[in-house]
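Peer 1: Below is one structure. I have some questions about it.
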Amino acid sequence: KFITEIKKISEGKIAMVEPLLVTVVLQKWGIKNRNGRIYPERILKAQANAYNELIVNKSALGELDHPESSIIAGDRVSHNITKIWWEGKTLMGEMQINTTLGFINMGICSTKGDEVANMLRHGWRIGVSSRGVGTIEEDYDGNSIVQDDFELIGWDVVTAPSTPGSWIFANTKQAQPFVENRIIENKDLSEGLDNFLLD
C-alpha cells in the first residue's frame with residue numbers, strides 16, 4: 001500500500017495534502033554497528049535528548065548520501081526528522097520527506113527529497129545512518145566505543161546503513177522486526193547474568 005500511494009502521488013492520480021511521513025529505525029545503543037562502533041546508552045540518550053531541540057525548531061535536517069562534513073548542506077537536504085522515541089535499545093523516528101510539487105504532480109525529481117521518494121516508489125530498500133563528530137576508543141575485544149565528546153549532527157539517507165536494521169518503513173508495525181527492545185530477560189538469575197555479560 002505504501003509503494004502504491006507514492007506511485008499515485010508521483011503519477012498525479014492523487015493530490016498529496018499531508019506531508020510524506022515515514023518511520024525509520026535511527027540508532028541502537030549497545031549494539032555493534034557494521035563499522036565496528038558501539039554507542040553506550042548514556043551517550044546516545046543524551047544526544048537524542050539534545051536533538052529534540054532541533055526537532056522542535058523544525059531544523060532536524062538530513063541529506064541524501066553521507067558526506068564527511070559536519071555541516072548540513074541546504075542543496076542536499078532530503079528530509080526532516082519530526083519525532084523520535086525509544087523502544088528498548090532502539091531509537092525510532094518519524095521522517096518527513098522533502099517532496100516538491102513537481103514530483104507530486106508530474107513525477108519530476110528536482111530535489112534530493114524527490115529522489116528519496118522516487119526510490120521508495122520503486123520499492124527499493126534504503127535506510128538512514130547517523131552523522132556525528134567525536135572520538136572513539138577500543139575496548140579489550142577490539143570494539144570501537146563512542147566517547148563522551150560525541151556530538152550528533154543528524155541522520156542521512158543511505159543505501160547501506162551501518163546500524164543493523166536502520167531502514168525506512170511505511171509505519172511502525174513494519175519496523176518492529178528490526179527493533180532491539182529486549183534489554184535483559186530475567187527468567188532466572190543465571191540466564192539474566194549470561195544476557196548481561198553478552199550485552
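The values are calculated or read from the model by the stated rules, or taken from the named source; none is laboratory data. It should be emphasised that the depicted structure is a prediction, and the values quoted were computed from it without experimental measurement. So basically every Cβ, Gly included, is an ideal-geometry build from the backbone, and we count neighbours across all protein chains shown. Surface areas here come from the heavy atoms of the whole protein model, side chains and all, with no ligands, DNA or RNA. Shrake-Rupley method; radii C 1.70, N 1.55, O 1.52, S 1.80 Å.
Peer 1: Given the conditions (1) farther than 17 Å from residue 131 by Cβ; (2) surrounded by fewer than 16 Cβ atoms within 10 Å (Cβ to Cβ); (3) at pLDDT below 95, which single one is not true for residue 75?
Peer 2: Unmet for residue 75, out of (1) farther than 17 Å from residue 131 by Cβ; (2) surrounded by fewer than 16 Cβ atoms within 10 Å (Cβ to Cβ); (3) at pLDDT below 95: (1).
Peer 1: Mind checking which residues of region 127-148 are closer than 27 Å to residue 76 by Cα, in a loop (DSSP other than H, G, I, E, B) and not β-branched (Val, Ile, Thr)?
Peer 2: Hit for region 127-148 is 134, nothing else.
Peer 1: Please verify whether region 115-128 includes one or more residues that are modelled with pLDDT of 95 or more, under 16 Å from residue 27 (Cβ atoms) and either crowded, with 20+ Cβ neighbours inside 10 Å or among the hydrophobic types (A, V, I, L, M, F, W, C) (or both).
Peer 2: For region 115-128, residues modelled with pLDDT of 95 or more, under 16 Å from residue 27 (Cβ atoms) and either crowded, with 20+ Cβ neighbours inside 10 Å or among the hydrophobic types (A, V, I, L, M, F, W, C) (or both): present.
Peer 1: Restrict the check to region 138-155 and report whether at least one residue is over 26 Å from residue 87 (Cβ atoms) and of a type outside the set (Asp, Glu).
Peer 2: Yes, region 138-155 contains a residue that is over 26 Å from residue 87 (Cβ atoms) and of a type outside the set (Asp, Glu).
Peer 1: Just wondering, is there one or more residues in region 166-184 that are of a type in the set (Ser, Thr, Tyr), under 23 Å from residue 95 (Cα atoms) and at pLDDT 95 or above?
Peer 2: yes
Peer 1: Read through the list (1) in contact with a strand residue (DSSP E or B) (Cβ under 7 Å, 6 or more places away or on another chain); (2) in contact (Cβ under 8 Å) with a residue 60 or more places away in the chain; (3) not β-branched (Val, Ile, Thr), then give the number of the only condition that residue 85 fails.
Peer 2: Checking residue 85 against (1) in contact with a strand residue (DSSP E or B) (Cβ under 7 Å, 6 or more places away or on another chain); (2) in contact (Cβ under 8 Å) with a residue 60 or more places away in the chain; (3) not β-branched (Val, Ile, Thr), the one that fails is (2).
Peer 1: Sticking with this one: All but one of (1) modelled with pLDDT under 95; (2) touching a strand residue (DSSP E or B) at 6+ places or on another chain (Cβ under 6 Å); (3) hydrophobic (A, V, I, L, M, F, W, C) hold for residue 157; state the number of the condition that does not hold.
Peer 2: (1)
Peer 1: Let me ask another. Which condition breaks for residue 96 when tested against (1) open to solvent by 60 Å² or more (accessible area, probe 1.4 Å); (2) within 15 Å of residue 63 (Cα to Cα); (3) modelled with pLDDT under 95?
Peer 2: Going through (1) open to solvent by 60 Å² or more (accessible area, probe 1.4 Å); (2) within 15 Å of residue 63 (Cα to Cα); (3) modelled with pLDDT under 95 one by one, residue 96 breaks only (3).
Peer 1: Ok, one more. Report the residue count in region 83-109 for those that are part of a strand (DSSP E or B) and aliphatic (A, V, I, L, M).
Peer 2: Summing the residues that are part of a strand (DSSP E or B) and aliphatic (A, V, I, L, M) in region 83-109 gives 5.
Peer 1: Are any residues in region 138-150 open to solvent by 80 Å² or more (accessible area, probe 1.4 Å), of a type in the set (Asp, Glu) and modelled with pLDDT under 95, and if so, which ones?
Peer 2: Of everything in region 138-150, those that are open to solvent by 80 Å² or more (accessible area, probe 1.4 Å), of a type in the set (Asp, Glu) and modelled with pLDDT under 95 turn out to be 138, 141.
Peer 1: Looking only at residues in region 1-59 that are part of a helix (DSSP H, G or I), basic (Lys, Arg) and modelled with pLDDT under 95, which one is surrounded by the fewest Cβ atoms within 10 Å (Cβ to Cβ)?
Peer 2: So, considering only residues that are part of a helix (DSSP H, G or I), basic (Lys, Arg) and modelled with pLDDT under 95, the one surrounded by the fewest Cβ atoms within 10 Å (Cβ to Cβ) is 8.
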